[in-house]
Amino acid sequence: MNKLIVVIPCYYNEESIIELMDDLNLCEANYLKINDDKIEYIFVDDGSGDRTFEKLMSIKEQNQEKVKVIKLTGNFGSINAIMAGISNGTGDCYVTLSADLQEPANLIFEMFKVWKKGIKLVIAKRRSRKDSLFTIIYSKIFHFLLRTFAMKEAPKGGFDLVLFDKKIRDFLVNIDEKNTNIFYSIFLFKYPYETIEYDRKPRKYGKSKWIFSKKVKLLIDSFVSFSFFPIRLISGMGLFLGIIAFLYGLFIISARIFNLIHLQGWAAIMVVLLFVSSFQMIAIGILGEYIWRSLDASRNRPIYIIDEIY
Ligand code: UDP
Ligand code: MG
């Protein structure tokens, strides 16, 4: 008998929670007809301001022994909420699921079956999705940049769900990183993985709380965590600009010697000045992103705070 832990971060999901639990119960019953395993659901309320927590407690009431509810003191973001979930449950493997019904519930049982064949990491990849054009384009760029410059091991295109063995869970809990993206940290451990494809459904209730600024933060977090490419890029650009400056300098000196300069060049100076100084600001900003994160890591503040576990 094996135990699967399903971790579900919840943030303003009052409309979908009950339906989600019904779906899960149905798929679980089907699964357990032919398998002898144990499933535990850990719901993490990530500081929702609506009635999510009450709904979770009513689920807990009806499914006493297989549901755990973790209430965080406020909003820490889904990645930290998932960390809270996997850190507070012991099973043989762990899977993440979102609370908004966008992924079919039976998918996690399909992933569990793959794990039971001995694969320690299983990834659910979107075959198709029904989200806004902006979300789709942003997600494409996000995953392309990360795969190209930061984590070559990641699968092409986006993925939302991962199922991993308890060994990987222990690594994740123990590396104790902040401002990171555990969906990509998983590839640091180099376990071979299998992918399952699925069609992502449109969001039935409410709107995604992944607002643009959070998405940008996650992109930068992922870059800083897994890649030094931006720093290389600054050095590369610096070198490139240096070579151009040197050649242009040679040209100016020879033009001066041969009396070819007749007080021109204000426009050229302005353009060069604006270009180089804006490049310098961007470069400082990029370094700042790295330095701030290293400061934040050294401060050792918790990434989430649990109010209560039910
Ligand atoms: N979520 C969370 N904290 C947040 C934002 C989102 O726990 O600050 C949860 C949310 O409740 C959902 C999952 O993360 O279960 C995925 O979020 P969402 O559906 O908004 O994102 P998307 O579908 O755009 O990936
Ligand atoms: Mg969603």
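The values are calculated or read from the model by the stated rules, or taken from the named source; none is laboratory data. What you are looking at is a predicted structure, and each value in this text was computed from that prediction instead of being measured. Virtual Cβ from ideal backbone geometry, glycine too; neighbours counted across all protein chains shown.
Looking only at residues in region 173-204 that are polar (S, T, N, Q) and surrounded by 17 or more Cβ atoms within 10 Å (Cβ to Cβ), which one is farthest from ligand 1 (Cβ to nearest atom)? Among those residues, the one meeting the criterion is 185.
Among 151, 111, which is over 18 Å from residue 189 (Cα atoms), surrounded by 20 or more Cβ atoms within 10 Å (Cβ to Cβ) and more than 12 Å from ligand 1 (Cβ to nearest atom)? Every option except 111 fails the conditions. A residue that is surrounded by 10 or more Cβ atoms within 10 Å (Cβ to Cβ), aliphatic (A, V, I, L, M), over 19 Å from residue 79 (Cβ atoms) and in contact (Cβ under 8 Å) with a residue 40 or more places away in the chain occurs somewhere in region 221-231. The residue pairs whose first member lies in region 11-33 and is at positive phi, whose second member is in a helix (DSSP H, G or I), and whose beta carbons are closer than 7 Å, counting only pairs six or more residues apart or on different chains, are 12/52. Taking the criterion of being away from ligand 2 (no atom under 16 Å from the Cβ) and at pLDDT below 95, the only residue of region 91-109 that qualifies is 106. Please enumerate the residues belonging to region 12-56 that are of a type in the set (D, E, K, R), away from ligand 1 (no atom under 16 Å from the Cβ) and touching a strand residue (DSSP E or B) at 6+ places or on another chain (Cβ under 6 Å). Selection gives 28, 38, 40. The condition of being among the hydroxyl-bearing types (Ser, Thr, Tyr) and more than 25 Å from residue 100 (Cα to Cα) holds for residue 191. Just the residues that are of a type in the set (Lys, Arg) and part of a loop (DSSP other than H, G, I, E, B), please, taken from region 152-202. 152, 156, 178, 190, 201 - these are the residues of region 152-202 that are of a type in the set (Lys, Arg) and part of a loop (DSSP other than H, G, I, E, B). Select from region 134-177 the residues that are over 24 Å from residue 108 (Cβ atoms) and β-branched (Val, Ile, Thr) and write down the one among them that is nearest to ligand 2 (Cβ to nearest atom). Going through the qualifying residues, I end up with 137.
Looking at 303, 282 in this structure, which one is part of a loop (DSSP other than H, G, I, E, B), modelled with pLDDT of 90 or more and of a type in the set (Val, Ile, Thr)? Going through 303, 282 in turn, just one is part of a loop (DSSP other than H, G, I, E, B), modelled with pLDDT of 90 or more and of a type in the set (Val, Ile, Thr): 303.
From the set of residues in region 35-61 that are more than 25 Å from the chain's Cα centre (by Cα) and more than 20 Å from residue 91 (Cβ to Cβ), which is surrounded by the fewest Cβ atoms within 10 Å (Cβ to Cβ)? Of everything passing the filter in region 35-61, 61 is surrounded by the fewest Cβ atoms within 10 Å (Cβ to Cβ). Which one is nearest to residue 205 (Cα to Cα), of the residues in region 57-108 that are more than 9 Å from ligand 1 (Cβ to nearest atom), hydroxyl-bearing (Ser, Thr, Tyr) and assigned to a loop (DSSP other than H, G, I, E, B)? Looking at residues that are more than 9 Å from ligand 1 (Cβ to nearest atom), hydroxyl-bearing (Ser, Thr, Tyr) and assigned to a loop (DSSP other than H, G, I, E, B), I get 73.
Among the residues making up region 127-143, those that are in a helix (DSSP H, G or I) and touching a residue at least 60 places away in the same chain (Cβ under 8 Å) are 135, 138, 142.
Filter region 205-216 down to residues that are exposed (fewer than 12 other Cβ atoms within 10 Å of the Cβ) and more than 10 Å from ligand 2 (Cβ to nearest atom) and give me whichever is modelled with the lowest pLDDT. My answer is 211. The sole residue among 304, 248 that is of a type outside the set (A, V, I, L, M), under 18 Å from the mean Cα position of the chain (by Cα) and surrounded by 11 or more Cβ atoms within 10 Å (Cβ to Cβ) is 304.
Among the residues making up region 61-106, those that are charged (D, E, K, R) and in contact with a Lys or Arg (Cβ under 6 Å, 6 or more places away or on another chain) are 92, 100.
Considering (1) small (Gly, Ala, Ser); (2) within 16 Å of ligand 2 (Cβ to nearest atom); (3) in contact with a strand residue (DSSP E or B) (Cβ under 8 Å, 6 or more places away or on another chain); (4) within 19 Å of residue 186 (Cβ to Cβ), the lone condition that residue 128 does not fulfil carries the number (4).
For region 13-44, a tally of residues being assigned to a strand (DSSP E or B) and within 16 Å of ligand 2 (Cβ to nearest atom) returns 2.
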